[in-house]
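Presented below is the structure to which this report refers.
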């Protein structure tokens, strides 16, 4: 086999495989190196499995309330093993699709651990060890769950999101350490399944990087479902309790408190995945574990690029994909495809959360002169007829020009609709220009029109 390539990509997640397709389409001979399954964390241990399970759980929750809309059925139950089997079917189908895309686009896939030996050589340790010669290298190795040095964190039934996504039974009670996106999505899943969920968050609110009203509203909705949330709480240790239980001890307002549960999920974020990436005597400039890059995603070695979670910043699959494709465009001597100034954020709770641009809180802190518009989705016909939870849409615009600067959505289909605002911000659209569009009735998106015209 000819092991000389124009581009060698290490990491077969959304950043890696999408970049490989783009590279091949641009006529560059491309290799993709992946140590595990194609699709990376997003497909196999993150976005897709979480949302597949959430879909089943949301349907279960809706069926339990079906009598409210005149639908009467027998006892509604769930089987977690069958939900997991359904998840595996989805993952297998998507992996097969990626394999087909690699073949269709003539991308050579190498299964094994990729290690950069020098600026032009990548060793792949799989069933056999091969060395690839590369004019350019793109690192897209992603991230792994971060496990803080909490005493007792290695005890049985203390899990990361990776292990939690494979569990075929449900803990009667679960403590979640971390109130970010991962923690909140798992809180939504397990509270709907009847699990007693407790969230312990170090910061002063959950989803601390989002609009304060989002944090407050989600906390209230989860409390209605029996979830206890403690913020400003630092976990001190985890110890074994009676009858196989786990005790999570945390300090809150200088007092030591504890919560007892059957399992503990550690969801305090993710860290860059660079273990074994560099051969002996070779290194790139790094800072706190992340690979440093310039605006073209070039590292300290110009023909080696890096994109996605491994460079830190916004750790989202769609951001990683856009960064990696922009890197490929630079290798090919083309202009970048994506504007990276606006990356939508999504949380798949019920209701969904979507945000992009700056929030009203951000604008106030920055001293910007803005106008803010808000619309309660309880007044939206589609939300009412489909029995949705309370929600809202908020828009922030420049006070003088009326250009859209940001949007926050907490409602059904928020994750699908937030891109409308990303488009508006990137293209400098004003409130009036967005409001001139006719939105169909009745739809959830109609709420956008109501907000703009409020």
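The values are calculated or read from the model by the stated rules, or taken from the named source; none is laboratory data. On a predicted model such as this, the values are computed, not experimentally measured, just so you know. Heads up, the Cβs are rebuilt from the backbone with ideal geometry, glycines too, and the neighbour counts pull from every protein chain shown.
Some points to look at:
- Note on the range 286-296: residues that are outside any loop (DSSP other than H, G, I, E, B) and either touching a strand residue (DSSP E or B) at 6+ places or on another chain (Cβ under 8 Å) or not assigned by TED's automatic domain parsing to the domain that holds residue 320 (or both) total 2.
- Within the range 413-424, the set of residues being part of a helix (DSSP H, G or I) and either assigned by TED's automatic domain parsing to the domain that holds residue 55 or surrounded by fewer than 22 Cβ atoms within 10 Å (Cβ to Cβ) (or both) comprises 415, 416, 417, 419, 420, 422, 423.
- Checking 295, 280, 275 one by one, the residue that is surrounded by fewer than 23 Cβ atoms within 10 Å (Cβ to Cβ), without any contact (Cβ under 8 Å) to a residue 12 or more places away in the chain and under 23 Å from residue 423 (Cβ atoms) is 295 and no other.
- Segments classed as strands (runs of 3 or more DSSP E), wholly inside the range 111-214, with at least 2 members that are out of contact with any helix residue (DSSP H, G or I) (no Cβ under 7 Å at 6 or more places or on another chain): 113-118, 121-125, 129-139, 173-177, 196-200
- Only a single item in (1) touching a residue at least 60 places away in the same chain (Cβ under 8 Å); (2) exposed (fewer than 14 other Cβ atoms within 10 Å of the Cβ) is not met by residue 263, and it is number (2).
- Flag for residue 401 being in contact (Cβ under 8 Å) with a residue 24 or more places away in the chain, surrounded by fewer than 16 Cβ atoms within 10 Å (Cβ to Cβ) and in contact with a strand residue (DSSP E or B) (Cβ under 8 Å, 6 or more places away or on another chain): yes
- With respect to the conditions (1) crowded, with 20+ Cβ neighbours inside 10 Å; (2) in contact with a strand residue (DSSP E or B) (Cβ under 6 Å, 6 or more places away or on another chain), residue 40 falls short on a single one, namely (2).
- In the range 310-322, the residues that are buried (at least 23 other Cβ atoms within 10 Å of the Cβ) and in contact with a helix residue (DSSP H, G or I) (Cβ under 6 Å, 6 or more places away or on another chain): 320, 321
- Close pairs from the range 223-238: first without any contact (Cβ under 8 Å) to a residue 12 or more places away in the chain, partner exposed (fewer than 13 other Cβ atoms within 10 Å of the Cβ), Cβ under 7 Å, at least 6 apart: none
- When the criteria are applied in full, residue 29 meets the requirement of being in contact with a strand residue (DSSP E or B) (Cβ under 7 Å, 6 or more places away or on another chain), over 20 Å from residue 141 (Cβ atoms) and either modelled with pLDDT of 95 or more or loosely packed, with under 15 Cβ neighbours inside 10 Å (or both).
- Qualifying residue in the range 268-278 (condition: more than 20 Å from residue 185 (Cβ to Cβ) and not in a loop (DSSP other than H, G, I, E, B)): yes
- Filter result for residue 369 (in contact with a helix residue (DSSP H, G or I) (Cβ under 8 Å, 6 or more places away or on another chain) and free of Cβ contacts under 8 Å to residues at least 60 places away in the same chain): no
- Complete set of residues in the range 148-185 that are loosely packed, with under 15 Cβ neighbours inside 10 Å and under 14 Å from residue 240 (Cα atoms): 151, 154, 155, 156
- Filter result for residue 88 (touching a helix residue (DSSP H, G or I) at 6+ places or on another chain (Cβ under 9 Å) and surrounded by fewer than 15 Cβ atoms within 10 Å (Cβ to Cβ)): yes
- Residue count for the range 198-214 under the criterion of being more than 24 Å from residue 148 (Cα to Cα), crowded, with 16+ Cβ neighbours inside 10 Å and within 20 Å of the chain's Cα centre (by Cα): the result is 2.
- Number of the condition not met by residue 253 [criteria: (1) touching a strand residue (DSSP E or B) at 6+ places or on another chain (Cβ under 8 Å); (2) assigned by TED's automatic domain parsing to the domain that holds residue 202; (3) in contact (Cβ under 8 Å) with a residue 12 or more places away in the chain]: (1)
- Within the range 226-244, the set of residues being assigned to a loop (DSSP other than H, G, I, E, B) and surrounded by 15 or more Cβ atoms within 10 Å (Cβ to Cβ) comprises 227, 231.
- The condition (being farther than 15 Å from residue 9 by Cβ, within 31 Å of the chain's Cα centre (by Cα) and modelled with pLDDT of 95 or more) is satisfied by just one residue among 141, 92: 92.
- Residue check for residue 141: in the same structural domain as residue 80 (by TED's automatic domain parsing) and without any contact (Cβ under 8 Å) to a residue 40 or more places away in the chain: no
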